[in-house]
Each structure stands twice: as structure tokens, then as C-alpha cells.
1. Does any residue of the stretch 16-34 turn out to be under 25 Å from M154 (Cα atoms), of a type in the set (A, V, I, L, M, F, W, C) and in contact (Cβ under 8 Å) with a residue 24 or more places away in the chain?
2. Taking Q56 and the conditions (1) open to solvent by 70 Å² or more (accessible area, probe 1.4 Å); (2) modelled with pLDDT under 90, which numbered condition does it fall short on, given that it satisfies the others?
3. If the requirement is being closer than 25 Å to L70 by Cβ, at pLDDT below 90 and not polar (S, T, N, Q), which of these qualifies: D118, D109?
4. Which of the residues belonging to the stretch 67-88 are surrounded by 22 or more Cβ atoms within 10 Å (Cβ to Cβ) and over 19 Å from A149 (Cα atoms)?
Amino acid sequence: MQLQCEAYQDWQAAIRAALGSGGALSLKHCHQAVLDGDPRLTRSRLLIMTVEACNQLGRGKQARAWLETLILHVETGDAFDAVRVAVESRHTDLALQFFAKALAADLPDQARCLEVADKTIDLAESLRLPRRHPSVWRTHVELLHAALALLARMELSSLSVGHVTGSQLVAKALRLLRSEVPTPRSKTMNTASSRQGSGDP
């Protein structure tokens, strides 16, 4: 469902203001007003708007709580936007759960597919840091595979035919998958390199 941009922004601003007030009752009234304002609006779309507002306010814990509610109510048509807001929230476990739903649904337009794939690959790349727990590396790999699955479906449906961005994203994801786990340089190696650079014997 494509919502009118102006109305969407107004509703999102109202939800953001209700979140900012800190009152659960205020947010509940706001949600009801938004639903009354457009009977076509789905509950899952309302939850996505709420997560977006939490992200804009920098409220990661609240975003996760709303995402956990969204996973129970997300409708097929909203699945890709659910992936997007979960990725933007950096809640990787929930993003992967939404991906499972999204990849079973019809693909949205090309721009939205590429946006989701791009943000997912960027999130996966941000997890490639030394000294991370092995589970983080597994999540990094799972996110890359999810993005590649989306890009492969786009290719099959002709959504990415001749699209440079799609090809670039595939190449980037494959490059990351083929590379090794980054390892920190030891203190001894850093010291030795420093001495060589300064010309010390």
C-alpha cells in the first residue's frame, strides 16, 4: 500500500511527538487517531511508522520492543519495509526474521528492493570487526546471504536487468563472503612497523 507522502509525514511527526512526550497513553491515542484518519492503514504499517519514529529519536530499546510486536502482526505487503526498519535499527536477529517473511512475498518496486539490499550489506559489513564473538560473524554471513537471495530474486523477476547498482551490490556481497575474518594486528607487530617507518635500527 502506497500512502500519500504528505499524510505519511504528518502521521509520523505525530507519532514522534507522542513518543517524545513519554506517555504510553498519549501514544495509544495517537495510534488510534492515525488509524481513524485512514481506514486503509494496516496495523503493521502503523508499527513500522512507530519504529521509524523511534529510530529518528535514537531510542533503540523502544524500537526493538515495537519490532518484536511487528513480527507478530506484519502483513505480506509490509514485509520489505519491516526488513528495512529492522536493519536501520541494527537489530540483526529481527531483520533476519523479517527477511524470511519478505523473501516469501511478492517483490516491491526496484528502488525499494535495492534500498533494502544495500542497507543490509552495509549493516553486515559493519559487523566485520576484530575480536567480535563468532556469533557476530555468523550473523554477518547470514545478512549477506539474505541480501544475495533478494538480489537473485530481482534477477529472476527481471527487476535488476541491466541495473548497475544491483550488479555492484552482488559483487560487494560476494567479495565480503569470500574474505577472511579480520584479525587485529598484535602490539608487537605494530611496534615493529612503527620502528621501521621511523628508520630506527
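The values are calculated or read from the model by the stated rules, or taken from the named source; none is laboratory data. Just so you know, these numbers come straight off a predicted model, no measurement behind them. Quick reminder, even Gly has a Cβ in these numbers, built from the backbone with ideal geometry, and neighbours come from all protein chains shown. Just so you know, the surface numbers come from the protein's heavy atoms only, side chains and all, with ligands and any DNA or RNA stripped out. Shrake-Rupley method; radii C 1.70, N 1.55, O 1.52, S 1.80 Å.
1. Checked the stretch 16-34: no residue is under 25 Å from M154 (Cα atoms), of a type in the set (A, V, I, L, M, F, W, C) and in contact (Cβ under 8 Å) with a residue 24 or more places away in the chain.
2. Result: Q56 fails condition (2) only.
3. D109
4. Passing the criteria: L67, L70, V74.
Here is a yes/no grid of residues against (1) modelled with pLDDT of 85 or more; (2) in contact with a Phe, Trp or Tyr (Cβ under 9 Å, 6 or more places away or on another chain); (3) on the phi < 0 side of the Ramachandran plot; (4) surrounded by fewer than 19 Cβ atoms within 10 Å (Cβ to Cβ):
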{"position": "E6", "(1), (2), (3), (4)": "no, no, yes, yes"}
{"position": "W11", "(1), (2), (3), (4)": "no, no, yes, no"}
{"position": "A18", "(1), (2), (3), (4)": "yes, no, yes, no"}
{"position": "G22", "(1), (2), (3), (4)": "no, no, no, yes"}
{"position": "D36", "(1), (2), (3), (4)": "no, no, yes, yes"}
